[in-house]
2 protein chains.
Amino acid sequence: MIATKGYAAQSATEPLAPYSFERRDLRPHDVQIEILYCGVCHSDLHTARNEWHGTAYPCVPGHEIVGRVTKVGSHVSKFKEGDLAGVGCLVDSCQECNNCKQGLEQYCEQVATQTYNSPDRNDGTITKGGYSNRILAHENFVLHISDKLPLEGVAPLLCAGITTYSPMRYWKVSKGHKVAVLGLGGLGHMAVKLAASFGAEVTMLSTSASKEADAKRLGAHKFALTKDPEQLKGLTNYFDFIIDTVSADHDYNMYLNLLNTNGVMICVGAPPSPAQIPAFNLIFQRRSVVGSLIGGLPETQEMLDYCAEHGITSDVEVIAMKDINEAYDRMLKGDVRYRFVIDMATL
Amino acid sequence: MIATKGYAAQSATEPLAPYSFERRDLRPHDVQIEILYCGVCHSDLHTARNEWHGTAYPCVPGHEIVGRVTKVGSHVSKFKEGDLAGVGCLVDSCQECNNCKQGLEQYCEQVATQTYNSPDRNDGTITKGGYSNRILAHENFVLHISDKLPLEGVAPLLCAGITTYSPMRYWKVSKGHKVAVLGLGGLGHMAVKLAASFGAEVTMLSTSASKEADAKRLGAHKFALTKDPEQLKGLTNYFDFIIDTVSADHDYNMYLNLLNTNGVMICVGAPPSPAQIPAFNLIFQRRSVVGSLIGGLPETQEMLDYCAEHGITSDVEVIAMKDINEAYDRMLKGDVRYRFVIDMATL
């Protein structure tokens, strides 16, 4: 077994605290990674605090992991010691079903193993994530990381990046499209950067006028204040796509009206209450409301390569491991531009 | 002006009764049609009874019209006296906007003129529909009707047919797909016939076991009783498409769970209450909920030609004009297999 240090929640109500545990011995296809940076995703907080229920404690969150390979199993062919490597939201899947065969491991018919709080499909133990100094994963679930970009800015691409990249590729967002981004947080700021890089005209929709300058710095061409009915009215039937990254309850219908004929509202945020959608509002302009979950492994690698080529990273605030609880509090207040990333050297 | 006989509702609460009125004189691009058959759509009833609000009385419903050309305007090139001809839900549109230019007149940016209860874009008068002995329309809004099929079975294709044909073409329903049809009424029975003709495996989802034999006769390969949780459970993640033709409130979410990865729920029925859709249920399998409105003129012609080639018509019960109120009552009880069609010779 491999001695590992990390931070864990011991219950839904306790702050995260130092925690030592053991990871499995290297299997033949495993890659062992010394973690350098781990992004802090809102899912980490939801899970640590059992807000989605089903959290197994102690819980070590973290699925935006970048590090360096320190050891590889005897059958590993894709990585060697010293390589930069990443691990995202998934560490395993059946690799045999229709979806896995198409590289859609996130939709594995046998249910993929998530990077934390998920039963390992081999031994049933509960996976522990990237708030730790090392991790192991099957080489098929490890990503190659370019040395061209600052690693702390790359870590959030493993979840926030792929979650917005994947649906924009699936629904073919490109030059000539008008794209609205709803919500300027971890996902939203990546959606702005990526949509702009695809050549789309990007409009930031926000409840707060103070976001305008930042949205434009990130690549948005336009900005609209959603609290102003006049601004919204002027955007009726305007957009080809809305990337909805908002996880708080909101009025889907108000935004659906901004979609043009054949427009697609892509939901990557999951509010607690169901969306209320009158069928007429879809029917009258052949509109779609769709969802999308992270991305498969081949597409995640494609996204990382794309970002390396185009110089795209996440805007991050690097924190020490010990400051994670304060970071959670600030995240809840929206006080982060736009992703906390833990420097694992501080562990 | 052209003297016309028909049936109209004089108010939301009165039964339809005989009504004489005048239609405009023939314009240079108009085609004048002696109506032979007119289908009875649920929209007719909603409008006659002002259930969607905004009905102008007297109201002459009817937008599934088949007849014979009796006269053409001086500039008409597409039709001549004696031709069979059809009129569907639209009689005019701007013909200049992006959507009209693409043959998507139903989504006209200037709002298309509907066949009844709609302000004529030229003179502002309120259009009157097919529960009448004759109608006029711009030749671009008149369809060619084959003489190969019984005309009474063709009439409902102008609304029920195109409403189900269009989204299945747009989302490319074809061989190898598993398609569920929800609701076996006017739209549902056309969806079954058309989906089967496209080579898809068709499953009828119904609350009533008595529909099984009929569904299979219409072309469904499978049948599932939606009241039986075991039958539904066995269909989890099964379908590529659900064609949802139900206009009564229902649980969208229960059906969404039957969609496989990338599955699309196509809504052509519009229940009074909004659909309640948890974002997670879209996100976890990259599912879509979409709407679609009838079809444009080029596609309606394509659909009519396709049906003529493949021998597809609506299953109808032909009624006399005077029996329209009884037909509405029976329609409300679901007592029609599957479309009433008025024989206009009985007027």
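Taken together, the values in this text are just the output of simple stated rules run on the coordinates, not laboratory data. Just so we're clear, the structure is a prediction, and the values are computed from it rather than from any experiment. Quick reminder, even Gly has a Cβ in these numbers, built from the backbone with ideal geometry, and neighbours come from all protein chains shown.
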Where a ≥ b ≥ c are root eigenvalues of the Cα gyration tensor, a/c under 1.5 meaning rounded, otherwise prolate if a/b exceeds b/c and oblate otherwise, the range A:87-158 counts as oblate
Within the range B:130-155, the residues whose backbone N lies under 19 Å from a label point placed 7 Å from the Cα of B:ILE2 along the Cα-to-Cβ direction are B:130-145
Bridge orientation stat for chain B from DSSP, antiparallel percent rounded to 5, came to 55
Computed about the Cα centre, the charge dipole of the range B:162-291 from +1 Lys/Arg and -1 Asp/Glu charges at the Cβ has a magnitude in debye, to the nearest 20, of 420
When B:ILE2, A:ILE243 are ranked with the fewest other C-beta atoms within 10 Å first, the list becomes B:ILE2, A:ILE243
Rg from C-alpha atoms of the protein assembly as shown, normalised by the globular rule of thumb 2.2 N^0.38 Å, equals 1.11
Chymotrypsin sites (Phe, Trp or Tyr not before Pro) in the range B:1-55 lying in a DSSP loop, each with at most 15 other Cβ atoms within 10 Å of its Cβ, come to B:TRP52
The answer for the net charge of residues other than A:THR4 whose Cβ lies under 15 angstrom from its Cβ, with Lys and Arg +1 and Asp and Glu -1, is +1
Distance in nm between B:GLU230 and A:LYS216 label points, each 7 Å along Cα→Cβ, equals 6.5
Everything considered on the Cα gyration tensor (a ≥ b ≥ c; rounded for a/c under 1.5, else prolate if a/b is larger than b/c, else oblate), the range B:295-347 must be described as prolate
Here the relative contact order (percent) of chain A, from C-alpha pairs under 8 Å and at least 6 apart, is 18
For the protein assembly as shown, percent of DSSP beta bridges that are antiparallel (nearest 5) comes out at 60
Which of A:LYS227/A:LYS333; B:LYS193/B:LYS222; B:LYS71/B:LYS322 exceed 23 Å between C-alpha atoms? The answer is B:LYS71/B:LYS322
In the range A:173-214, the trypsin sites (Lys or Arg not before Pro) that sit in a DSSP loop and have at most 11 other Cβ atoms within 10 Å of their own Cβ are A:LYS175
Sorted largest first, the Cα spans of chain A on the principal axes come out in Å as 61, 40, 37
In debye to the nearest 20, the charge dipole size for the protein assembly as shown, taken about the Cα centre with +1 at each Lys and Arg Cβ and -1 at each Asp and Glu Cβ, equals 440
By the Kirkwood definition, with r running over pairs of different Cα atoms, the range B:197-261 has a hydrodynamic radius in Å of 12.4
Between the alpha carbon centres of the range A:238-255 and the range B:230-248 the gap in Å comes to 26
For the B:LYS175, A:SER77 Cβ pair and Förster radius 30 Å, calculated FRET efficiency rounded to 0.05 is 0.15
Taking alpha-carbon centroids only, the range A:311-347 lies from the range A:85-118 a number of Å equal to 26
In degrees rounded to 10, the 0-90 angle between helix A:297-310 Cα long axis and the longest Cα principal axis of chain A is 70
With Cα coordinates, the longest principal axis of chain B makes an angle with the long axis of helix B:160-170, in degrees rounded to 10, of 60
Cα-based Rg then Dmax for the range B:243-308, in Å, read 14.4, 43
Expressed as a whole-number percentage, the relative contact order of the range B:162-291 with C-alpha contacts under 8 angstrom and at least six residues apart is 22
Largest-first semi-axes in Å of the equivalent ellipsoid built from the Cα gyration tensor of the range A:5-132 are 24, 19, 13
Taking R0 as 41 Å and r as the Cβ-Cβ distance between B:MET254 and B:LYS148, the FRET efficiency 1/(1 + (r/R0)^6), rounded to the nearest 0.05, comes to 0.50
Checked the range B:162-291 against the a/c 1.5 cut and the a/b vs b/c comparison, axes a ≥ b ≥ c from its Cα gyration tensor; verdict rounded
Helix B:186-197 sits off the longest principal axis of the Cα atoms of chain B, rounded to the nearest 10 on a 0 to 90 degree scale, by 70
